[in-house]
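Colleague: Sending over a structure as C-alpha coordinates; questions will come in a sec.
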Amino acid sequence: MPVKIHLRSLAVPFVAIVLLTAACGDDGGGEQQDGDGGRPAPAAKSGAADLTGVCPETVTVQTSWLPNATAFGPLYALLGDDPRVDANSKRATAPLVAGGEDTGISLELRAGGPAIGFAATSAQMYTDEDIDLGVVGGFDEIVQLSATQPTTAVLALLEKDPTMIYWDPETHPEFETIEDVGRSDTTVLYSGGDTYMEYLTGTGILKKDQVDGSFDGSPARFVASGGELASSGYAAEDPYMFENEIDDWMKPVKGQLVYEAGYPIYGPSLVVRPEAKDELAPCLEKLVPIIQQSQVDYLRDPDATIATIVDIAEQYKGGDVLTEGIAKYGIGEMKKLGIASDDAEGEDTTVGNFETPRVQKIIDIDEPIFAEQKKPIKDGLKPADVVTNEFLDPGIGHGA
(Lines give C-alpha, C1' and ligand atoms only; values in the text may rest on other atoms or scores of the structure.)
Protein backbone atom coordinates (compact mmCIF):
# COMPACT_ATOMS: atom_id res chain seq x y z
CA MET A 1 0.00 0.00 0.00
CA PRO A 2 1.77 3.18 -1.14
CA VAL A 3 1.71 5.94 1.45
CA LYS A 4 3.39 9.32 1.40
CA ILE A 5 6.09 9.45 4.05
CA HIS A 6 5.80 12.54 6.18
CA LEU A 7 8.34 12.61 8.99
CA ARG A 8 7.80 15.66 11.11
CA SER A 9 8.43 16.64 14.67
CA LEU A 10 8.56 19.75 16.84
CA ALA A 11 10.55 17.89 19.46
CA VAL A 12 13.38 15.36 19.58
CA PRO A 13 12.48 12.21 21.56
CA PHE A 14 14.18 12.30 24.93
CA VAL A 15 15.91 8.98 24.31
CA ALA A 16 17.84 10.78 21.58
CA ILE A 17 18.56 13.69 23.89
CA VAL A 18 20.15 11.43 26.48
CA LEU A 19 22.31 9.69 23.89
CA LEU A 20 23.50 12.95 22.40
CA THR A 21 24.11 15.12 25.46
CA ALA A 22 27.16 15.59 27.65
CA ALA A 23 27.23 17.17 31.07
CA CYS A 24 28.53 20.73 31.18
CA GLY A 25 27.50 24.30 31.81
CA ASP A 26 26.28 26.69 34.47
CA ASP A 27 23.20 25.76 36.48
CA GLY A 28 22.02 29.33 36.87
CA GLY A 29 18.61 30.56 35.79
CA GLY A 30 16.84 33.76 34.86
CA GLU A 31 15.87 36.10 37.66
CA GLN A 32 12.21 37.05 37.83
CA GLN A 33 9.67 38.29 40.30
CA ASP A 34 6.09 37.25 40.65
CA GLY A 35 3.38 39.58 39.49
CA ASP A 36 -0.39 39.29 39.75
CA GLY A 37 -1.71 35.74 39.80
CA GLY A 38 1.76 34.30 40.41
CA ARG A 39 3.04 35.26 36.98
CA PRO A 40 6.57 36.62 36.63
CA ALA A 41 6.19 40.35 36.14
CA PRO A 42 7.63 41.74 32.87
CA ALA A 43 8.70 45.33 32.32
CA ALA A 44 7.90 47.44 29.27
CA LYS A 45 10.60 47.55 26.59
CA SER A 46 11.46 49.93 23.80
CA GLY A 47 10.10 49.07 20.39
CA ALA A 48 13.12 50.52 18.56
CA ALA A 49 14.07 48.39 15.57
CA ASP A 50 17.77 49.37 15.36
CA LEU A 51 19.80 46.48 16.73
CA THR A 52 23.26 47.60 15.62
CA GLY A 53 25.77 47.80 18.42
CA VAL A 54 23.58 45.88 20.89
CA CYS A 55 23.21 42.54 19.08
CA PRO A 56 25.78 40.39 17.28
CA GLU A 57 26.19 41.30 13.61
CA THR A 58 24.43 38.03 12.89
CA VAL A 59 22.06 36.54 15.47
CA THR A 60 22.27 32.77 15.08
CA VAL A 61 19.25 30.70 16.10
CA GLN A 62 19.32 26.91 16.24
CA THR A 63 15.82 25.52 15.68
CA SER A 64 14.65 22.08 16.72
CA TRP A 65 13.56 20.77 13.31
CA LEU A 66 13.41 21.48 9.60
CA PRO A 67 11.55 24.61 8.40
CA ASN A 68 8.12 24.54 10.01
CA ALA A 69 5.29 27.03 9.69
CA THR A 70 3.70 26.23 13.05
CA ALA A 71 6.60 26.53 15.45
CA PHE A 72 9.06 28.74 13.61
CA GLY A 73 6.85 31.03 11.51
CA PRO A 74 7.48 34.22 13.54
CA LEU A 75 11.24 33.69 13.22
CA TYR A 76 11.17 33.09 9.46
CA ALA A 77 8.96 36.19 9.17
CA LEU A 78 11.95 38.25 10.30
CA LEU A 79 14.10 37.16 7.35
CA GLY A 80 14.45 39.89 4.77
CA ASP A 81 13.95 39.38 1.03
CA ASP A 82 15.88 36.67 -0.82
CA PRO A 83 17.45 34.80 2.09
CA ARG A 84 20.80 33.17 1.38
CA VAL A 85 20.16 29.43 1.66
CA ASP A 86 22.88 26.87 2.33
CA ALA A 87 21.13 23.64 1.36
CA ASN A 88 24.01 21.46 2.56
CA SER A 89 24.21 22.78 6.12
CA LYS A 90 20.50 23.73 6.03
CA ARG A 91 20.86 27.32 7.11
CA ALA A 92 19.04 30.43 5.90
CA THR A 93 20.48 33.93 6.42
CA ALA A 94 19.11 37.38 5.61
CA PRO A 95 18.93 40.88 7.06
CA LEU A 96 16.72 40.87 10.12
CA VAL A 97 13.69 42.96 9.19
CA ALA A 98 11.10 44.06 11.75
CA GLY A 99 7.91 45.83 10.70
CA GLY A 100 9.37 46.42 7.27
CA GLU A 101 12.51 48.07 8.70
CA ASP A 102 16.04 46.74 8.40
CA THR A 103 17.38 46.39 11.94
CA GLY A 104 21.01 46.68 10.82
CA ILE A 105 21.93 43.08 11.67
CA SER A 106 21.39 39.67 10.07
CA LEU A 107 19.48 36.61 11.23
CA GLU A 108 20.65 33.05 10.61
CA LEU A 109 18.14 30.26 11.16
CA ARG A 110 19.65 26.80 11.40
CA ALA A 111 17.55 23.68 10.86
CA GLY A 112 17.58 21.00 13.54
CA GLY A 113 16.44 17.40 13.72
CA PRO A 114 18.02 15.41 10.88
CA ALA A 115 20.15 18.44 9.90
CA ILE A 116 22.18 18.05 13.13
CA GLY A 117 21.98 14.29 13.63
CA PHE A 118 18.82 14.58 15.74
CA ALA A 119 20.72 16.25 18.57
CA ALA A 120 18.68 18.20 21.09
CA THR A 121 18.81 21.96 20.65
CA SER A 122 20.22 22.33 24.18
CA ALA A 123 23.04 19.91 23.41
CA GLN A 124 23.84 21.67 20.14
CA MET A 125 24.06 25.03 21.92
CA TYR A 126 26.76 23.65 24.21
CA THR A 127 28.60 22.00 21.32
CA ASP A 128 28.63 25.15 19.15
CA GLU A 129 28.82 28.38 21.11
CA ASP A 130 28.41 30.41 17.91
CA ILE A 131 24.71 29.73 18.47
CA ASP A 132 23.16 32.70 20.27
CA LEU A 133 19.63 31.40 20.82
CA GLY A 134 17.87 28.09 20.40
CA VAL A 135 14.35 26.79 19.95
CA VAL A 136 13.67 23.74 22.12
CA GLY A 137 10.99 21.56 20.62
CA GLY A 138 9.52 20.46 23.94
CA PHE A 139 9.52 22.52 27.13
CA ASP A 140 10.27 19.39 29.13
CA GLU A 141 13.69 19.33 27.43
CA ILE A 142 14.56 22.42 29.49
CA VAL A 143 13.53 20.61 32.68
CA GLN A 144 15.29 17.36 31.81
CA LEU A 145 18.65 18.98 31.01
CA SER A 146 18.55 21.54 33.82
CA ALA A 147 21.37 19.79 35.70
CA THR A 148 23.69 19.15 32.74
CA GLN A 149 23.02 21.56 29.87
CA PRO A 150 20.79 24.25 31.35
CA THR A 151 18.94 26.79 29.26
CA THR A 152 16.67 29.67 30.17
CA ALA A 153 13.52 30.23 28.13
CA VAL A 154 12.96 33.89 27.25
CA LEU A 155 9.86 33.49 25.04
CA ALA A 156 7.19 30.86 24.41
CA LEU A 157 6.68 30.65 20.66
CA LEU A 158 3.48 28.64 21.21
CA GLU A 159 1.18 28.84 24.21
CA LYS A 160 0.27 25.14 23.99
CA ASP A 161 2.25 22.23 22.62
CA PRO A 162 0.44 21.01 19.47
CA THR A 163 1.04 17.31 20.19
CA MET A 164 -2.16 15.30 19.93
CA ILE A 165 -3.43 11.72 20.00
CA TYR A 166 -5.63 11.04 16.97
CA TRP A 167 -7.87 8.24 15.76
CA ASP A 168 -10.25 7.31 12.96
CA PRO A 169 -13.75 8.54 13.89
CA GLU A 170 -15.37 5.97 11.60
CA THR A 171 -13.63 3.02 13.25
CA HIS A 172 -13.90 4.50 16.75
CA PRO A 173 -17.02 6.69 16.93
CA GLU A 174 -17.04 6.19 20.71
CA PHE A 175 -13.79 8.18 21.12
CA GLU A 176 -14.06 11.84 22.01
CA THR A 177 -11.04 12.23 24.29
CA ILE A 178 -7.70 10.57 25.03
CA GLU A 179 -9.31 9.14 28.17
CA ASP A 180 -11.83 7.35 25.93
CA VAL A 181 -8.93 5.77 24.03
CA GLY A 182 -7.51 4.61 27.36
CA ARG A 183 -10.77 2.86 28.24
CA SER A 184 -10.28 0.62 25.20
CA ASP A 185 -7.53 -1.79 24.15
CA THR A 186 -6.62 0.28 21.08
CA THR A 187 -2.86 0.45 20.45
CA VAL A 188 -1.47 3.99 20.54
CA LEU A 189 1.68 4.72 18.52
CA TYR A 190 4.23 7.23 19.80
CA SER A 191 7.96 7.95 19.58
CA GLY A 192 9.74 6.19 22.43
CA GLY A 193 11.10 8.56 25.06
CA ASP A 194 8.43 11.24 24.68
CA THR A 195 7.81 12.54 28.20
CA TYR A 196 4.12 13.29 27.69
CA MET A 197 3.48 9.57 27.22
CA GLU A 198 5.04 8.86 30.61
CA TYR A 199 2.52 11.33 32.02
CA LEU A 200 -0.42 9.74 30.20
CA THR A 201 0.47 6.21 31.31
CA GLY A 202 1.62 7.25 34.78
CA THR A 203 -1.74 8.86 35.50
CA GLY A 204 -3.67 5.95 34.02
CA ILE A 205 -5.18 8.00 31.20
CA LEU A 206 -3.64 5.43 28.85
CA LYS A 207 -2.58 1.92 29.83
CA LYS A 208 1.09 1.01 29.62
CA ASP A 209 0.31 -2.19 27.75
CA GLN A 210 -1.57 -0.34 25.00
CA VAL A 211 1.15 2.12 23.95
CA ASP A 212 3.77 1.33 21.31
CA GLY A 213 6.91 3.49 21.28
CA SER A 214 8.15 2.39 17.85
CA PHE A 215 6.42 5.20 15.91
CA ASP A 216 8.79 6.69 13.32
CA GLY A 217 6.65 9.63 12.22
CA SER A 218 5.25 7.94 9.12
CA PRO A 219 1.47 7.51 8.69
CA ALA A 220 2.00 4.13 7.03
CA ARG A 221 1.14 1.91 10.02
CA PHE A 222 -1.96 3.89 10.91
CA VAL A 223 -3.18 3.71 7.31
CA ALA A 224 -2.33 0.00 6.98
CA SER A 225 -4.35 -0.73 10.13
CA GLY A 226 -7.44 0.73 8.50
CA GLY A 227 -7.82 3.07 11.45
CA GLU A 228 -7.70 0.38 14.13
CA LEU A 229 -4.67 2.06 15.70
CA ALA A 230 -4.48 5.47 17.35
CA SER A 231 -1.35 7.58 17.04
CA SER A 232 0.49 10.63 18.28
CA GLY A 233 0.81 13.54 15.89
CA TYR A 234 0.43 17.29 15.52
CA ALA A 235 -2.88 19.07 15.58
CA ALA A 236 -1.68 21.79 13.23
CA GLU A 237 -0.60 19.30 10.54
CA ASP A 238 -1.91 15.75 10.68
CA PRO A 239 -5.67 16.24 10.23
CA TYR A 240 -5.08 18.22 7.01
CA MET A 241 -2.47 15.77 5.80
CA PHE A 242 -4.70 12.74 6.31
CA GLU A 243 -7.71 14.33 4.65
CA ASN A 244 -5.92 15.95 1.72
CA GLU A 245 -2.44 14.56 1.08
CA ILE A 246 -2.26 10.85 1.96
CA ASP A 247 -3.53 9.12 -1.15
CA ASP A 248 -4.57 5.92 0.62
CA TRP A 249 -6.60 7.68 3.30
CA MET A 250 -8.13 11.00 2.15
CA LYS A 251 -10.68 11.29 4.95
CA PRO A 252 -10.81 12.99 8.36
CA VAL A 253 -9.13 11.90 11.55
CA LYS A 254 -10.12 13.17 14.99
CA GLY A 255 -8.02 13.82 18.07
CA GLN A 256 -7.31 15.74 21.25
CA LEU A 257 -4.33 17.80 22.40
CA VAL A 258 -2.24 16.15 25.10
CA TYR A 259 -2.45 19.56 26.79
CA GLU A 260 -6.20 19.05 27.18
CA ALA A 261 -5.54 15.75 28.94
CA GLY A 262 -3.78 17.60 31.76
CA TYR A 263 -0.15 17.94 30.66
CA PRO A 264 0.20 21.75 30.63
CA ILE A 265 3.27 21.91 28.45
CA TYR A 266 4.25 25.04 26.54
CA GLY A 267 5.04 24.70 22.87
CA PRO A 268 8.48 25.36 21.36
CA SER A 269 10.31 28.06 23.29
CA LEU A 270 13.23 30.40 22.60
CA VAL A 271 16.13 29.75 24.99
CA VAL A 272 19.57 31.09 25.87
CA ARG A 273 22.43 29.50 27.79
CA PRO A 274 22.46 31.02 31.30
CA GLU A 275 26.12 32.03 31.08
CA ALA A 276 25.41 33.91 27.82
CA LYS A 277 22.26 35.60 29.10
CA ASP A 278 23.91 38.61 30.75
CA GLU A 279 26.12 39.26 27.73
CA LEU A 280 23.13 39.09 25.38
CA ALA A 281 20.78 41.00 27.70
CA PRO A 282 21.03 44.38 25.86
CA CYS A 283 20.22 42.55 22.62
CA LEU A 284 17.40 40.51 24.12
CA GLU A 285 15.75 43.63 25.54
CA LYS A 286 15.18 44.84 21.98
CA LEU A 287 15.04 41.55 20.07
CA VAL A 288 12.50 39.65 22.19
CA PRO A 289 9.77 42.31 21.76
CA ILE A 290 10.48 42.25 18.02
CA ILE A 291 9.84 38.50 17.99
CA GLN A 292 6.72 38.99 20.12
CA GLN A 293 5.37 41.43 17.55
CA SER A 294 6.29 39.00 14.79
CA GLN A 295 4.21 36.33 16.57
CA VAL A 296 1.20 38.65 16.43
CA ASP A 297 1.79 39.82 12.85
CA TYR A 298 2.47 36.32 11.53
CA LEU A 299 -0.81 34.95 12.83
CA ARG A 300 -2.71 37.87 11.27
CA ASP A 301 -1.02 37.77 7.86
CA PRO A 302 1.05 34.61 7.33
CA ASP A 303 0.95 34.14 3.55
CA ALA A 304 4.25 35.77 2.54
CA THR A 305 6.15 34.02 5.33
CA ILE A 306 4.56 30.66 4.51
CA ALA A 307 5.78 31.05 0.92
CA THR A 308 9.29 31.74 2.23
CA ILE A 309 9.25 28.73 4.56
CA VAL A 310 7.98 26.36 1.85
CA ASP A 311 10.60 27.67 -0.58
CA ILE A 312 13.44 27.18 1.90
CA ALA A 313 12.17 23.69 2.81
CA GLU A 314 12.13 22.74 -0.88
CA GLN A 315 15.71 23.97 -1.30
CA TYR A 316 16.82 21.84 1.64
CA LYS A 317 15.40 18.75 -0.08
CA GLY A 318 14.43 15.62 1.83
CA GLY A 319 12.83 15.34 5.25
CA ASP A 320 9.42 16.84 5.87
CA VAL A 321 6.81 17.16 3.16
CA LEU A 322 5.86 20.77 3.88
CA THR A 323 3.14 22.17 1.65
CA GLU A 324 1.32 25.48 1.54
CA GLY A 325 -1.90 23.64 2.36
CA ILE A 326 -0.50 22.15 5.57
CA ALA A 327 0.95 25.49 6.61
CA LYS A 328 -2.26 27.47 6.06
CA TYR A 329 -4.34 24.81 7.79
CA GLY A 330 -1.97 25.04 10.73
CA ILE A 331 -2.59 28.76 11.14
CA GLY A 332 -6.31 28.15 11.47
CA GLU A 333 -5.85 25.36 14.01
CA MET A 334 -3.38 27.42 16.04
CA LYS A 335 -6.10 30.06 16.44
CA LYS A 336 -8.98 27.62 16.93
CA LEU A 337 -7.27 25.48 19.57
CA GLY A 338 -5.41 28.27 21.34
CA ILE A 339 -2.05 26.78 20.37
CA ALA A 340 -0.90 30.31 19.57
CA SER A 341 -2.54 32.76 21.95
CA ASP A 342 -1.75 35.17 24.77
CA ASP A 343 -2.60 32.70 27.51
CA ALA A 344 -4.01 29.19 27.68
CA GLU A 345 -6.60 30.21 30.25
CA GLY A 346 -7.32 33.67 28.80
CA GLU A 347 -6.20 35.52 31.93
CA ASP A 348 -3.46 37.76 30.53
CA THR A 349 -2.84 39.65 27.31
CA THR A 350 0.91 39.26 26.79
CA VAL A 351 2.09 36.96 24.03
CA GLY A 352 5.00 34.63 24.75
CA ASN A 353 5.17 34.94 28.54
CA PHE A 354 5.49 32.18 31.13
CA GLU A 355 3.29 31.73 34.21
CA THR A 356 5.04 30.65 37.41
CA PRO A 357 2.32 28.21 38.67
CA ARG A 358 2.14 26.51 35.29
CA VAL A 359 5.92 26.14 35.03
CA GLN A 360 5.99 24.76 38.58
CA LYS A 361 3.31 22.21 37.67
CA ILE A 362 5.38 21.05 34.70
CA ILE A 363 8.41 20.65 36.98
CA ASP A 364 6.32 18.74 39.52
CA ILE A 365 5.06 16.35 36.84
CA ASP A 366 8.41 15.85 35.13
CA GLU A 367 10.70 15.48 38.16
CA PRO A 368 9.54 11.98 39.22
CA ILE A 369 9.41 10.86 35.58
CA PHE A 370 13.04 11.76 35.00
CA ALA A 371 14.08 10.40 38.40
CA GLU A 372 12.52 7.05 37.46
CA GLN A 373 14.46 7.16 34.19
CA LYS A 374 17.71 7.85 36.10
CA LYS A 375 17.93 11.34 34.58
CA PRO A 376 17.72 13.55 37.66
CA ILE A 377 16.99 17.22 37.11
CA LYS A 378 18.70 20.07 38.97
CA ASP A 379 18.19 19.79 42.72
CA GLY A 380 15.49 22.15 43.94
CA LEU A 381 14.64 23.30 40.44
CA LYS A 382 12.42 26.38 40.47
CA PRO A 383 10.58 28.21 37.66
CA ALA A 384 13.09 31.07 37.93
CA ASP A 385 15.84 28.60 36.98
CA VAL A 386 14.28 27.78 33.62
CA VAL A 387 12.19 30.77 32.46
CA THR A 388 12.26 34.55 32.57
CA ASN A 389 9.85 37.24 31.40
CA GLU A 390 12.33 40.07 31.90
CA PHE A 391 12.82 40.79 28.19
CA LEU A 392 9.15 40.71 27.19
CA ASP A 393 7.01 43.73 26.38
CA PRO A 394 3.77 43.15 28.32
CA GLY A 395 1.86 45.40 25.92
CA ILE A 396 2.31 43.07 22.94
CA GLY A 397 -0.48 40.51 22.52
CA HIS A 398 -2.81 39.04 19.93
CA GLY A 399 -5.67 41.18 21.18
CA ALA A 400 -3.72 44.44 21.14
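The values are calculated or read from the model by the stated rules, or taken from the named source; none is laboratory data. Every value quoted in this text rests on a predicted model; they were computed, and no experiment measured them. Methodologically, a virtual Cβ is constructed for each residue, glycine included, from the backbone with ideal geometry; neighbour enumeration extends over all protein chains shown. SASA here: full protein model, heavy atoms, side chains in, ligands and nucleic acids out. Shrake-Rupley method; radii C 1.70, N 1.55, O 1.52, S 1.80 Å.
Colleague: Given the pairs LYS254/LYS378; LYS336/LYS361; LYS286/LYS317; LYS277/LYS382, which span a C-alpha to C-alpha distance of over 27 angstrom in this model? Write down the numbers at each step before the final one.
Modeller: Working: LYS254/LYS378 38 Å; LYS336/LYS361 25 Å; LYS286/LYS317 34 Å; LYS277/LYS382 18 Å.
Checking Cα-Cα distances, LYS254/LYS378; LYS286/LYS317 exceed 27 Å.
Colleague: How much solvent-accessible surface does ILE365 expose, in Å² to the nearest 10, with a 1.4 Å probe and all protein chains in place?
Modeller: ILE365 has an accessible surface of roughly 30 Å² with all protein chains in place.
Colleague: Run the accessible area of the chain with a 1.4 Å probe and give the carbon-and-sulfur part as a rounded percent.
Modeller: The computed percentage sits at 47.
Colleague: Taking the Cα centroid of the range 224-249 and of the range 68-110, what is the distance between the two, rounded to the nearest whole Å?
Modeller: Centre-to-centre distance over Cα atoms comes out at 31 Å.
Colleague: Place a +1 charge on the Cβ of each Lys and Arg in the range 251-295 and a -1 charge on the Cβ of each Asp and Glu, then give the dipole magnitude about the Cα centre in debye, rounded to the nearest 20. Can you show the working numbers first?
Modeller: Numbers: 5 positive and 5 negative charges, 77 e Å.
So the magnitude is around 380 debye.
Colleague: Then there is this: With every protein chain left in place, what is the accessible area of THR103 in Å² (1.4 Å probe, nearest 10)?
Modeller: 0 Å²
Colleague: Obtain the nm distance between the two label points defined at THR127 and GLU101 by a simple spin-label model: each point lies 7 Å from its Cα along the Cα-to-C-beta direction.
Modeller: Result: 3.8 nm between the two label points.
Colleague: What residues from the range 363-397 fall in the zone where the backbone N is under 12 Å from a label point 7 Å along the Cα-to-C-beta line of THR203?
Modeller: Taking a point 7 Å out along Cα→Cβ of THR203, the residues of the range 363-397 whose backbone N falls under 12 Å are 365-366.
Colleague: Continuing with the same structure: Using 17 Å as the cut-off for backbone N distance, which residues of the range 324-341 belong to the label zone defined by a point 7 Å from the Cα of ASP297 along Cα→Cβ?
Modeller: none
Colleague: What is the spin-label model distance, in nm, from LYS336 to ALA307 if the labels are put 7 Å beyond Cα along the C-beta direction?
Modeller: Reported label-point gap for LYS336 and ALA307 is 2.6 nm.
Colleague: Could you pull out every residue, at least 5 positions away or on a different chain, whose amide H is within less than 5 Å of the one on VAL387? Hs are placed 1.01 Å off N in the peptide plane, and Pro or chain starts have none.
Modeller: It is GLY30, ALA153, by chain and number.
Colleague: So how do LYS375, LYS254, LYS317 rank on accessible area, 1.4 Å probe, biggest first, that is with the largest at the start?
Modeller: Highest to lowest solvent-accessible surface, that is LYS317, LYS254, LYS375.
Colleague: How many percent of Cα pairs in the chain exceed 26 Å?
Modeller: For the chain, the share of Cα pairs beyond 26 Å comes to 50 percent.
Colleague: What does the charge dipole of the range 126-281 about its Cα centre add up to, to the nearest 20 debye, if the Cβ of each Lys and Arg holds +1 and the Cβ of each Asp and Glu holds -1?
Modeller: About 380 debye.
Colleague: Next question, about the same structure. Take the alpha carbon atoms of the range 134-205, find their center, do the same for the range 360-400, and report the distance between the two centers in whole angstrom.
Modeller: If you average the Cα positions of each part, the centres end up 16 Å apart.
Colleague: Continuing with the same structure: Sorted by mean Cβ packing within 10 Å, highest first, what order do the peptides 179-186, 235-242, 68-75, 210-217 take? All intermediate terms of the calculation are to be shown ahead of the outcome.
Modeller: Details: 179-186: 17.2, 235-242: 24.1, 68-75: 27.2, 210-217: 15.2.
Packing order, densest peptide first, comes out as 68-75, 235-242, 179-186, 210-217.
Colleague: What's the ranking of 380-389, 149-158, 83-92 by average number of surrounding C-beta atoms within 10 Å, highest first?
Modeller: 149-158, 380-389, 83-92
Colleague: How much solvent-accessible surface does ASP247 expose, in Å² to the nearest 10, with a 1.4 Å probe and all protein chains in place?
Modeller: Spelled out: ASP247, probe radius 1.4 Å, area about 110 Å².
Colleague: Could you sort the peptides 330-337, 161-168 by per-residue average Cβ neighbour count (10 Å cutoff), highest mean leading?
Modeller: 161-168, 330-337
Colleague: Could I ask something else about it? Could you give the dipole magnitude of the chain about its Cα centre, charging the beta-carbon of Lys and Arg +1 and that of Asp and Glu -1, in debye to the nearest 20?
Modeller: Result for the chain is approximately 520 debye, rounded to the nearest 20.
Colleague: Now for a separate question. Determine the per residue accessible area of the chain with all protein chains present and a 1.4 angstrom probe, expressed in square angstrom.
Modeller: Details: 15300 Å² over 400 residues.
Here the per-residue accessible area is 38 Å².
Colleague: Would you work out the relative contact order for the range 249-400, in percent, from Cα pairs under 8 angstrom that are 6 or more residues apart?
Modeller: Relative contact order comes out at 31 percent.
Colleague: Mind pulling the angle between the C-alpha long axis of helix 356-372 and the longest principal axis of the chain? Nearest 10 degrees, somewhere in 0 to 90.
Modeller: 60 degrees
Colleague: Considering only the chain, what is the antiparallel percent among its DSSP beta bridges, to the nearest 5?
Modeller: On the way: 28 of 40 bridges.
Of the beta bridges lying entirely in the chain, close to 70 percent run antiparallel.
Colleague: So, one more: Report the normalised scattering of the range 266-400 as log10 I(q)/I(0) at q = 0.12, 0.15, 0.18 Å⁻¹, calculated by the Debye formula with identical scatterers on the alpha carbons.
Modeller: Results for the range 266-400 at q = 0.12, 0.15, 0.18 Å⁻¹ read -0.66, -0.97, -1.17.
Colleague: Please name which of SER231, PRO219, LEU299 has its Cα lying farthest along the dipole of the range 199-313 towards the positive end, using unit charges on Cβ (Lys, Arg +1; Asp, Glu -1) and the Cα centre as origin.
Modeller: The residue sitting most towards the positive pole is SER231.
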